[in-house]
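J.: Encoded as structure tokens, here's the structure I'll be asking about.
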Amino acid sequence: MSAPVPSPAGGRWKPAPLLPRDDARETALLFVIAVLCFLACLAAVTALASDRAAQGWSREIRGEATVQVRPALNETGSAAAARAAEALAGVPGVAEAAALEREKAEALLRPWLGDAVLDDLPVPHLVTVTLDPVTPASSQDLRAALRRAGIDGVVDDHGRWLKDVERSAALVRVAALALFALMAAAAGAVIAFATRAGMAARRDVVEVLHLTGAKDDFIAAVFQGRFARLAAEAGLYGALAAAAVAAILKLAGGGGGFGPALPMHWADLAAVSPCPLVAATVAAVAARMTTLRLLRGTP
Amino acid sequence: MSSKAAAPSEPPPSPSTGPVVRFETVGLRYGREPEVLKDVGFTLAPGSFHFLTGASGAGKSSLLKLIYLALKPSRGRVELFGQDVERLPRADLPFLRRRIGVVFQEFRLLDHLSAFDNAALPLRVAGQKPAAYRDDVAELLAWVGLGKRMHAMPPTLSGGEKQRLAIARAVVGRPELLLADEPTGNVDHEMGLRILRLLVELNRLGTTVLIASHDQELVRGSGMPVLHLEKGRLTRREGAPA
């Protein structure tokens, strides 16, 4: 009597995988890819937080202007500042304009100059202007208003700082993207190396498949599927670990993010969700290209 | 045995009424080494049965490798089923290989697959669904005497069982040409005769068979035509059809 025939119709039978599992090698590879994914996910979350921080800084800087008033000969500095504030408050696109009291101006200078010399110094007479966030007035508008009111003053729209902040924000974004691309390339290289090692270790399987009439695509799909599944699993572990670390940092930072400088939202953690898919795609492409290149060298 | 042939996705084999195999002044060398095959020329007619004999190192396995497309000749011309293999695009070679069944000297069974999965491998590679080949493979394994061992893993099989499993895998796709490299080399005489009977039966079903063997007793006993290799040259064609 023969043994029972495998029954795909009656049960869950399906042919065994063409590649045997190699636990030691695959555990090491899983760990390396998971670490790369973990770092890439942290880079992505940090990029989002730094982008938000940069946008916040830009918004704050863009929303304010400072006017330094030079009083006329027969006028006190405080009076000139008050007159300038009044003139500027009426400009469309200005939400609020207020003369900075001498005490406040001294308080700003005290950390730099100390108490001793402040009484002898001509403290500048400043007007702080809060701009409308939707339709902010331009620095030209503010200068024109001062001119019309006959006030000699210098308008600082913080443009120099804004450029610096925007340049820094762009640099952070590019650095985060470059880091992410580097991680993806490193993962691809690791997969390509592992595919080569896997093909060398499973030369018997490759040769038998090749000689029994398997097309290169079929053999490539065997390796591609194996490494894509492995990378997806590693990507999941890396993403979960990165999300956990980011969550801990957010909670440790008082719920504000990695600290006041890098505000993070809970929604940012969703940025790690494509990681398993991206890792699987990178692995599949790397394994396929490597396998096809190696097979091209065979008869 | 009622195993179905190749997968539906496979292009139809090119019509060939000529020889299944034709070698013309074929030479083969490995790297810069001296030629292991020199000016080899022969043909295998459809449905023929030949032994390939020669001392160890005479080039029998190399000649078989040229036929099953594991090697390319250094010179000369190799035709399979009427097609010059040198002129065929690489993408067409798998379809040619599927028309050839090979019983390797060292079996080349995959240890992590069951006997059933090993035997079914060529059909799986050709894209057939398990439901389509399940019964045929089981029937074939029963035919080679492995009906009770289809779930066994190769390391647990005896030498004779491995040999018969290798034959089952070689013939499961109903190849037009069957090559066997020392198929009786790892089994006792009685098992050798049994395996030879299997191959003869396949030949009667229409398969062209070429067996490399140094078992002179088996070769002489069979009465089949012989191609003899000596130091890389085909020196004798005993009883070969004209």
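Rule-based calculations on the coordinates, nothing more; no lab input. Values in this document were obtained by computation on a predicted structure and should not be read as measured data. All Cβ positions, glycine included, derive from the backbone under ideal geometry; neighbour counts span all protein chains shown.
J.: Mind checking which of A:Ala44, B:Tyr30, B:Gly185 is farthest towards the positive end of the protein assembly as shown's charge dipole, using Cβ charges of +1 (Lys, Arg) and -1 (Asp, Glu) about the Cα centre?
T.: About the Cα centre, the residue reaching furthest to the positive side is B:Gly185.
J.: Could you compute the FRET efficiency for B:Asp92 and B:Lys148, with r as their C-beta to C-beta distance and R0 at 35 Å, rounded to 0.05?
T.: 0.30
J.: OK, next. Please tell me the relative contact order of region B:108-174 in percent, rounded to the nearest whole number, where contacts are Cα pairs under 8 Å and at least six residues apart. Can you show the working numbers first?
T.: On the way: 73 pairs, mean separation 33.2, N = 67.
Normalised by residue count, the contact order of region B:108-174 is 50 percent.
J.: Quick one: dipole size for chain A, taken about the Cα centre, charges +1 on Lys/Arg Cβ and -1 on Asp/Glu Cβ, in debye to the nearest 20.
T.: Numbers: 29 positive and 28 negative charges, 367 e Å.
Result for chain A is approximately 1760 debye, rounded to the nearest 20.
J.: Continuing with the same structure: Using a ≥ b ≥ c from the Cα gyration tensor of region A:64-135 (square roots of the eigenvalues), is it rounded, prolate or oblate, where a/c under 1.5 gives rounded and otherwise the larger of a/b and b/c decides, a/b for prolate?
T.: Oblate.
J.: I've got another one for you. Could you give me D for chain A, from Stokes-Einstein at 37 °C and 0.692 mPa s, where the hydrodynamic radius is the Kirkwood radius over C-alpha pairs? Units µm² s⁻¹, please.
T.: Calculated translational D: 132 µm²/s.
J.: Right, here's the next one. Which value, in debye to the nearest 20, describes the size of the charge dipole of region B:108-174 about its Cα centre when Lys and Arg Cβ atoms bear +1, Asp and Glu Cβ atoms bear -1, and nothing else is charged?
T.: Dipole about the Cα centre, nearest 20: 100 debye.
J.: Quick one: what are the phi-derived ³J(HN,Hα) couplings along region A:204-210, Karplus 6.51/-1.76/1.60 with θ = phi - 60°, whole Hz, x for glycine and proline?
T.: Rounded to whole hertz, the list is 4, 5, 4, 5, 5, 4, 4.
J.: Related question: Provide the net charge surrounding B:Ala142, with neighbours chosen by a C-beta distance below 12 Å and charges set as Lys +1, Arg +1, Asp -1, Glu -1.
T.: Summing Lys/Arg as +1 and Asp/Glu as -1 gives 0.
J.: Which residue, chosen from B:Ala131, A:His158, B:Ile167, occupies the Cα position most advanced towards the positive end of the dipole of the protein assembly as shown, where the dipole is computed from +1 (Lys, Arg) and -1 (Asp, Glu) charges on Cβ about the Cα centre?
T.: B:Ile167
J.: Hey, another quick one. Report relative contact order for region A:64-135 in percent, whole number only (criteria: Cα-Cα under 8 Å, sequence separation at least 6).
T.: Relative contact order comes out at 47 percent.
J.: Order these by the 10 Å Cβ neighbour count, fewest first: B:Tyr68, B:Tyr133.
T.: So the ranking, lowest neighbour count to highest, is B:Tyr68, B:Tyr133.
J.: Let me ask another. Count the net charge of all other residues whose Cβ sits under 14 Å from the Cβ of B:Gln83, scoring Lys and Arg as +1 and Asp and Glu as -1.
T.: +1
J.: What residues qualify as long-range amide H neighbours of A:His125, i.e. H under 5 Å apart, gap of 5 or more or another chain, H built at 1.01 Å from N?
T.: Long-range HN contacts for A:His125: A:Val69.
J.: How would you classify region B:26-164 from its alpha-carbon gyration tensor, with a ≥ b ≥ c the square roots of the eigenvalues: rounded for a/c under 1.5, else prolate if a/b is greater than b/c, otherwise oblate?
T.: Verdict is prolate for region B:26-164.
J.: Ignoring trypsin sites (Lys or Arg not before Pro) that are buried or in helix or strand per DSSP, and keeping those with at most 13 other beta carbon atoms within 10 Å, what is the longest stretch of chain A between them?
T.: A:22-299
J.: Which Cα, out of A:Leu73, A:Leu126, A:Ala98, lies furthest along the positive dipole direction of region A:64-135 (beta carbon charges, K/R +1, D/E -1)?
T.: A:Leu73
J.: Only helical DSSP H runs with n ≥ 4 go in: add -39500 (n - 2.57) per run for chain A, normalise by residue count and round the 222 nm mean residue ellipticity to 500 deg cm²/dmol. Mind dumping the intermediate values first?
T.: On the way: 9 runs with 190 residues, N = 299.
My calculation for chain A gives -22000 deg cm²/dmol from helical runs alone.
J.: Follow-up question, since we're still on this one. Within straight cross-link reach of B:Lys148, meaning Cα distance under 18 Å, which lysines are found once same-chain residues fewer than 8 apart are removed?
T.: Excluding near neighbours in sequence, the set is B:Lys162.
J.: Amide H of A:Val94: which non-local residues (sequence gap of 5 or more, or other chain) have their own amide H closer than 5 Å, using H built in the peptide plane?
T.: Counting only residues 5 or more places away or on other chains, the set is A:Asp132, A:Ala137.
J.: Moving to a separate point now. Run the numbers on chain A and let me know its relative contact order in percent, using alpha-carbon pairs under 8 Å that are six or more apart. The partial results should precede the final answer.
T.: On the way: 401 pairs, mean separation 86.3, N = 299.
Computed value for chain A: 29 percent relative contact order.
J.: What size of dipole, in debye to the nearest 20, comes out for the protein assembly as shown about its Cα centre when the only charges are +1 on Lys and Arg C-beta atoms and -1 on Asp and Glu C-beta atoms?
T.: For this selection, approximately 2520 debye.
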